[in-house]
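See structure below.
The values are calculated or read from the model by the stated rules, or taken from the named source; none is laboratory data. Owing to the predicted nature of the structure, the values given are computational and were not obtained by experimental measurement. Here the Cβ is made from the backbone with ideal geometry for all residues, glycine too, and neighbour counts use every protein chain on show.
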Amino acid sequence: MNELTQIIRAYVDGELPAADAARLEEKLATDADLVARVRFEERLREGVAEAMTPVATPTAVAASVRQIMATAEPASDPETAEAAAATPEPETSRVARWWAGPPRANAFAVAASLALVAGAVLFGIFGRPIDSIQRSVGGGLISEIAQHVSTEHEGCSVSADAHVRWTTAAEAQAELSIALEAAVEVFDLSDAGYRFVGAGPCQLPTPSPSGHLIYAREGPAPDGCSTTLLSLFLLPNPPDLEWALGNDPTPWEWVVVGEQPECRARVAACTDGTLAYFLVGCDETQLPRLAGLISTQGLANGD
């Protein structure tokens, strides 16, 4: 993390000394890129605060734990029981002692594991590795969007500059996070030989705004493909689209929702629960790997 990023984050958190904050605010008056970075950090914190809102323990789970605690109390001899009855132990002390006791170690581990699993399911930690992308027949809105992003990607292949408004990852993340009202990440696909070129807004067939991230393949285009470009479209996840991906889609699990045999382009889609993603490219041997990189980074940032 560079020094400027640390300063911005301290400023957004209200931890920057007054003199330094004043100097930063002077720069904000004339530096649009700095404004975008500050706005991105503010949006990011709002998203984190919303995601960290406590989730109430399900009634059935709480009742089950209480039942286990009630039935697992160790038996005691009569004299000990009589003495205990004469001087009742505070409830908080009794519960703490119960959890700490060796006979309950396994029960505690199970309960902790169940809590972890519940959180994992909620936040998509258990998204399957992308060894291969599943195929989906698709229909309705998802097919319409798949066709639209294919056309947009084809136009981008002819003239990428016309589709690029922001050329840096920081600027793209900041502007798209504001437009889509959700934390947007420009994924690092360099491990698969793709570099970020730029991003811009686009208009998909939904009422919500949408964005377009553009990557270029290092080296020649894949065999049978006329472009080295890869497109990743993203938009707020509409209910109709979520239904098309499954009544309860697993976060970051990709399905193929469109194909263009004439140029070997494939359209894969997934959701993180907040945003929907459409990945378009004709490098079909790399598509599963690219999807896997995106999912891995998305899951890591969602922890």
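Points worth noting:
- Against the list (1) at pLDDT below 75; (2) over 18 Å from the mean Cα position of the chain (by Cα), the condition G302 fails is (2).
- Applying a threshold of 8 Å to beta carbon distances and a minimum spacing of six or more residues, or different chains, the list of pairs starting in the stretch 181-195 at a residue that is more than 18 Å from P236 (Cβ to Cβ) and without any contact (Cβ under 8 Å) to a residue 24 or more places away in the chain and ending at one that is in a loop (DSSP other than H, G, I, E, B) and among the charged types (D, E, K, R) reads R195/E218.
- Residue that is surrounded by the fewest Cβ atoms within 10 Å (Cβ to Cβ), among those in the stretch 264-297 that are in a loop (DSSP other than H, G, I, E, B) and among the hydroxyl-bearing types (S, T, Y): T285
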